[in-house]
Every structure is written in C-alpha cells, then in structure tokens.
Amino acid sequence: MRALLLGGAGFIGLHLARRLVRDGHEVTIVDDFSRGRADADLSAMRSSPGVSVISADLTDPGTYAGIPREWDQIYLLAAVVGVRNVETDPARVVRVNTLTVLHLLDWVAPGSRVFFASTSEVYAGGVDAGVVEVPTAEDVPTMISDITAPRFAYAASKLLGEAAFLHTARARGFDAVVGRFHNVYGPRMGADHVIPEMALRAHAGEDPFRVPGADQFRAFCHVDDAVEAMMRLMAAPGAKGRIVHIGNDREETNIGDLAKLVLRVAGVSPALVSSAAPPGSVHRRCPDLSRLRELTGYEPTVTLEEGVRTTFAWYAEHGRPA
C-alpha cells in the first residue's frame, strides 16, 4: 500500500508513519516544518526503506503539481493547532487550515480515499451551553458558543474542513473519512498540551505546582490508540462519508487527578495550587465511541497511567521541544 501523509512530520503524523512502515507500507511525508520537526525521530524515519520526505508549503497550490496523484490512502493531518497559536495568530490558523483543505480538494483524484483530521472542538461550545450530552456522539449539533473568542478560530476552520470534505467527496467521486480527535497525547507532541506541559514542570521540580482547570474532566487518548483507530477506519468500507469520533472513553479523569498522576510518575510531591481554567476551555469532554466500535471493532488498549509514564519518560529525556 502507498500512503501520503500531509503534515506527516508532526505529532500524530510521525506516529502514523512509523506504524505504516512497520506494517510494510510505502510512505511519503509532506510537511512545511513550521510545526513538524526535522529531528532525530524524523531522520530515523527518513532512512527507512520505502519512505520519502518532501519539504513543501501545503497552502501553495503549486506544491501539489509536484506530487503524484496515485495513492491508496491520503491523510490530511497538517494544521495550525494549540491554544497559544490560536490566541496569538488566529488569522494564520484560519488561513493555513482552510487553504490546505481547499487546495487538496482541488487536487485529489476520483477514487482516492482521504482521511481528514478534525477535532472535538467543533461541538465543544454546545457542551458548556448545555445542549450537547457527554459522552458525545457524532450526530450532536456542532456549536461555537462565542465566535469572538480567539480559540474558536481553530474550531471554525475544522468545521469548514469537515463540510468541505464530506460534500466535495460526494460530488467528485472520492472517499472521505472524517476523524474527530479527542485529547490525543503522547511522546513528541510539543509542549503546549496539558500532559507534556505538566510533565515538563514536574520534571523541573515546580513547587507549588500549578493546576489550571483542576475541576475539568477529560478522556485522554494515547497516540498509539489514535493511530490504530485511524488505520481501522481507512480500511472500513462503512466509514466512507462518515464523521467518527476517535478517543478513549474508558478512563475519564479530572485535571486535578491527572496532575496527581503526573507527579506520582515523576516521583515528586509538591503542594498543589488550583486556578481557573483558560478562557473558552470546555468543562467536560468524553467521546461516545459507539460508531467507531461498530465500524471497526476498535477498543483502546493504552491505560492512562501507562501512557503518562511513557510520555513523561520521553520528555524527561528530550526536554522541551525547540
């Protein structure tokens, strides 16, 4: 099988590339390296048989002219993500995430099968507004409760991407699968997400230890489980034209308890200081995975403690990413 990973040098992309290569497939990674990193992990991947890496700007329509169109699977993972990026440069978030989608849709050949990486943020506003149940299924109303909040630039860009992929695929004769990721974490994901951010502070010996949003609830999904779900969806005929939640619904936890787990893994016992959650952060998030299970038989296998241990170990060794 030949797979094209757009944004394949980033967090989920490189873990997916490793899995595909391990399973004997050919992989081409295209990335502009604004978020994905040309580090030792990518160098090791680049040296694997059947792997090629292209440095290119996916917001430039000219990029696609140099990429072959015959692929068994295409994954669009490239995006500007992270609260810091969204708050400091929301225009870039909208521009990059939208142009990447539109140019790919202009280029993709009929008969292709494409995975679009979306997010639970597209319905998060409805949770806090009290109109969306948790655990949350795919058929709930998508809702942005306050479009003036900077972080919702990301949710809006992903909502546009979902609509563009699903409707264009039907009109132009290719298969689209939309996967909504729910709090995926793991090694090499940067430093702006809660688990690696806590891991770095715990490793540095922060005392007292700050815990913003300690009363909020999340269901974290290790990246290995997310990759398994993606690959199963891309192999499932029934996933064509569907939105499917990807996550781990088995170990929903609040952020205060997550902090205690990270500190226990780190072997430290600082005082804890709770504070308000960042503005716009949803109080509770947990996916209903019924559709994913029905389509693929997926079950998450990485426990939260196991995942936190491996993630902490990676950050303790590598430190804060540049």
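The values are calculated or read from the model by the stated rules, or taken from the named source; none is laboratory data. Only a predicted model underlies this, so the values are computations on that prediction, with no experimental measurement involved. Every residue, glycine among them, receives a Cβ derived from its backbone with ideal geometry; neighbour counts consider all protein chains shown. Ligands, DNA and RNA are excluded from the accessible area calculation, which covers all protein heavy atoms including side chains. Shrake-Rupley method; radii C 1.70, N 1.55, O 1.52, S 1.80 Å.
Cβ neighbours within 10 Å, averaged per peptide: list 57-66, 112-121 in order, most packed at the top.
On the way: 57-66: 14.7, 112-121: 23.4.
The densest-packed peptide leads the list: 112-121, 57-66.
Tell me the angle of helix 152-172 to the major Cα principal axis of the chain, expressed in degrees between 0 and 90 and rounded to the nearest ten.
On a 0 to 90 degree scale, this one is about 30.
Could you tell me the ratio Rg/Rh of the stretch 205-317? Both radii from Cα atoms, Rh via Kirkwood.
1.05
Please state the shape class of the stretch 1-114: rounded when a/c is under 1.5, otherwise prolate if a/b exceeds b/c and oblate if not, all from the C-alpha gyration tensor. Please list the in-between numbers first.
Working: a/c = 2.03, a/b = 1.24, b/c = 1.64.
The shape class here is oblate.
If every alpha-carbon in the stretch 1-51 counts as one equal scatterer, what log10 I(q)/I(0) does Debye give at q = 0.13, 0.27 1/Å?
Calculated log10 I(q)/I(0) at the listed q: -0.23, -1.03.
Taking the 0 to 90 degree range and rounding to the nearest ten, how far is the long axis of helix 255-266 tilted relative to the main principal axis of the chain, both from C-alpha atoms?
Approximately 80 degrees, to the nearest ten.
Can you give the three extents of the C-alpha atoms in the stretch 49-199 along their principal axes, from longest to shortest, in whole Å?
That gives 45, 37, 29 Å along the principal axes, largest extent first.
Determine the relative contact order of the stretch 199-322: mean sequence separation of Cα pairs under 8 Å and six or more apart, normalised by residue count, in whole percent.
44 percent
Ignoring any ligand, DNA or RNA, what whole percent of the accessible area of the stretch 210-322 comes from carbon and sulfur when the probe is 1.4 angstrom?
50 percent
Give the Rg (one decimal place) followed by the Dmax (whole number) of the stretch 126-165, computed from C-alpha coordinates and expressed in Å.
Using the Cα atoms of the stretch 126-165, the pair Rg, Dmax is 10.9, 28 Å.
Note the full-extension length gain between D39 and W107 as 0.36 nm times their separation in residues minus their Cα-Cα distance, in nm to one decimal.
My answer for the length gained is 21.5 nm.
Regarding the stretch 242-283, what is the average projected area of its C-alpha convex hull, in nm²?
Seen from a random direction, the Cα hull of the stretch 242-283 projects 4.8 nm² on average.
By accessible area of protein heavy atoms, probe 1.4 Å, what ranking do M143, M231 get, highest first?
M143, M231
Using packing as a proxy for protection, rank 202-211, 186-195 so that the peptide with the highest average count of other Cβ atoms within 10 Å comes first. Present the calculation step by step, with values, prior to reporting the outcome.
Details: 202-211: 15.9, 186-195: 19.6.
Order by mean packing, descending: 186-195, 202-211.
Could you tell me how many degrees, from 0 to 90 and to the nearest 10, lie between the Cα long axis of helix 194-203 and the main elongation axis, the longest principal axis, of the Cα atoms of the chain?
Approximately 50 degrees, to the nearest 10.
For the stretch 240-284, what is the accessible area per residue in Å² when the probe is 1.4 Å? Write down the numbers at each step before the final one.
Working: 2220 Å² over 45 residues.
Dividing the accessible area of the stretch 240-284 by its residue count gives 49 Å².
If you keep only loop residues by DSSP, which trypsin sites (Lys or Arg not before Pro) in the stretch 24-81 have at most 13 other Cβ atoms within 10 Å of their Cβ?
Those satisfying the criteria are R69.
Regarding the chain, what whole-number volume in Å³ per residue does the convex hull of its Cα atoms give?
123 Å³
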